[in-house]
Amino acid sequence: MLREAQPLTTGYPGGRRGPGLRQVLGPCLLSLAVLAAVSALALASGRYNVSLAHVAQILASRIVPFGSNLPAAEENVVLLVRLPRILLALLVGGGLAIGGAALQAVFRNPLVSPEVIGVSSGASFGGALALLLGLGPIALVGGSFGFGLLALAIVFLITSGRGGAHILMVVLGGIVTASFFSALVALVTYLADPFTTLPAIVFWLLGSVSTATWAKVVVAFIPIAAGGVVLLALRWRINVLSLGDDDTTALGLRPRLLRWTVLSAVALMVAGAVAVSGVISWVGLVIPHLARMWVGPDHRVLLPVSFLLGGAYLIAIDTIARTATAGEIPLGVLTALIGAPVFFVLLRRNRERIWDGA
């Protein structure tokens with residue numbers, strides 16, 4: 001029988017001491033190094049190859065002006081095409097990963113993600129509706145945020161109660177909510193003009209950062225950075241919240257207000273990600289698990305590491321998507337093809353934490 005997962009934290013007031021500064025900075029710096037290496041390879045890779053030395057020279061020339069004899073084509077490819085695309089993938093992947101880690105703590109359940117609880121489906125409907133009505137990017141983000149928050153509120157109402165958010169109730173509530181908003185998305189695509197609006201909606205829903213521009217980077221940065229700052233500021237309180245409402249109240253915090261603050265921040269981040277890239281699944285589920293296996297369950301370390309690893313992961317996936325074939329593979333397809341087997345392996349290795357009698 002399914003049972004509720006154990007709390008995801010081990011350090012809290014009155015309990016074992018949390019990690020010191022060195023234990024926090026070490027994994028973060030290593031994750032940052034991985035992100036930098038993946039980004040450098042992504043800048044150099046593509047149908048128009050640019051050497052790593054030239055990539056470093058092009059980037060350095062924008063920081064410390066000096067004369068450069070490099071071809072203009074290489075500078076345009078690196079600065080105008082690949083760099084905004086990499087930054088957009090970093091924001092989307094990092095936002096989905098840190099949001100997934102926070103949701104797993106709020107629901108005290110390692111199987112929760114923005115996709116499982118219906119946030120992505122709600123945000124997809126809001127964005128698709130904005131595209132159907134011909135509204136601008138601000139309305140696209142606002143519609144995604146509003147309906148993503150509505151989907152999250154519906155799931156929370158379904159799973160709330162004296163018994164807590166049981167894993168089965170979370171999954172069932174997410175399925176119901178996601179199915180409802182998926183039906184609304186299907187209705188929007190049915191009503192869309194097949195020659196103008198429909199292709200834009202379908203392409204957006206498949207998930208991609210191929211249309212990345214500096215303007216889209218700014219559009220994504222504002223909500224994702226705002227939500228990320230809130231989550232990082234509350235990282236100690238998220239530790240406490242994952243212990244349960246009774247312990248949270250005993251430690252002088254208000255669990256309901258704290259929970260809704262975290263959920264609103266996650267919804268804002270997911271809305272920003274969906275608005276600029278469409279639906280990219282599995283990142284918010286798999287990456288927090290991998291990060292937790294490495295750094296442990298303390299969210300003071302887990303949240304920043306999840307953001308950095310999530311960004312590096314999506315940059316690597318996007319590089320594969322644009323170099324593996326003549327045409328670009330949608331990101332949502334690749335993340336599902338890779339994420340589902342990886343998560344299956346994680347479940348097999350940790351099934352005793354989820355299943356009784358395993």
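The values are calculated or read from the model by the stated rules, or taken from the named source; none is laboratory data. Every value quoted in this text rests on a predicted model; they were computed, and no experiment measured them. Cβ sites come from the backbone with ideal geometry, for glycine too, and all protein chains shown count toward neighbours.
Kindly establish whether Ile58 is surrounded by fewer than 23 Cβ atoms within 10 Å (Cβ to Cβ) and under 28 Å from Leu184 (Cβ atoms).
Here the answer is no, as Ile58 does not meet what is asked.
Looking only at residues that are modelled with pLDDT of 70 or more and over 16 Å from Ala267 (Cβ atoms) in the range 159-169, which one is surrounded by the fewest Cβ atoms within 10 Å (Cβ to Cβ)? Of everything passing the filter in the range 159-169, Ser160 is surrounded by the fewest Cβ atoms within 10 Å (Cβ to Cβ). Restricting the range 280-298 to residues that are closer than 17 Å to Ile315 by Cα and in a loop (DSSP other than H, G, I, E, B), the residue that is modelled with the lowest pLDDT is Ser281.
Restricting attention to the range 275-288, the residues that are more than 25 Å from Phe344 (Cβ to Cβ) and either in contact with a strand residue (DSSP E or B) (Cβ under 8 Å, 6 or more places away or on another chain) or among the β-branched types (Val, Ile, Thr) (or both) total 1.
Tally time: how many residues in the range 61-94 are surrounded by fewer than 20 Cβ atoms within 10 Å (Cβ to Cβ), among the aliphatic types (A, V, I, L, M) and closer than 28 Å to Trp282 by Cα? Number satisfying all stated conditions: 1. One residue stands out in the range 244-269 among those that are β-branched (Val, Ile, Thr) and more than 24 Å from the chain's Cα centre (by Cα): the one that is nearest to Ser113 (Cα to Cα), namely Thr248.
Restricting Leu257, Leu198, Leu231 to those that are more than 27 Å from Leu88 (Cα to Cα) and part of a helix (DSSP H, G or I) reduces the list to Leu257. Condition check for Leu52 on (1) among the hydrophobic types (A, V, I, L, M, F, W, C); (2) surrounded by 15 or more Cβ atoms within 10 Å (Cβ to Cβ); (3) under 22 Å from Leu308 (Cβ atoms): one failure, at (2).
Criterion applied to Thr323, Thr319, Thr335 was being surrounded by fewer than 16 Cβ atoms within 10 Å (Cβ to Cβ) and modelled with pLDDT of 85 or more, and the one residue passing it is Thr323. The criterion of at least 2 residues that are closer than 30 Å to Ala291 by Cα is met by the following helices (runs of 4 or more DSSP H) wholly inside the range 49-125: 52-63, 83-106.
Yes/no matrix, rows are residues, columns are (1) in contact (Cβ under 8 Å) with a residue 60 or more places away in the chain; (2) out of contact with any Gly (no Cβ under 6 Å at 6 or more places or on another chain):
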| position | (1), (2) |
| --- | --- |
| Leu30 | no, yes |
| Arg47 | yes, yes |
| Val50 | no, yes |
| Val64 | no, yes |
| Ala102 | yes, yes |
| Pro110 | yes, yes |
| Ser113 | yes, no |
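Of all the numbered requirements in (1) crowded, with 19+ Cβ neighbours inside 10 Å; (2) farther than 19 Å from Gly134 by Cα; (3) under 17 Å from the mean Cα position of the chain (by Cα); (4) not charged (D, E, K, R), Val219 misses one, and that requirement is (2).
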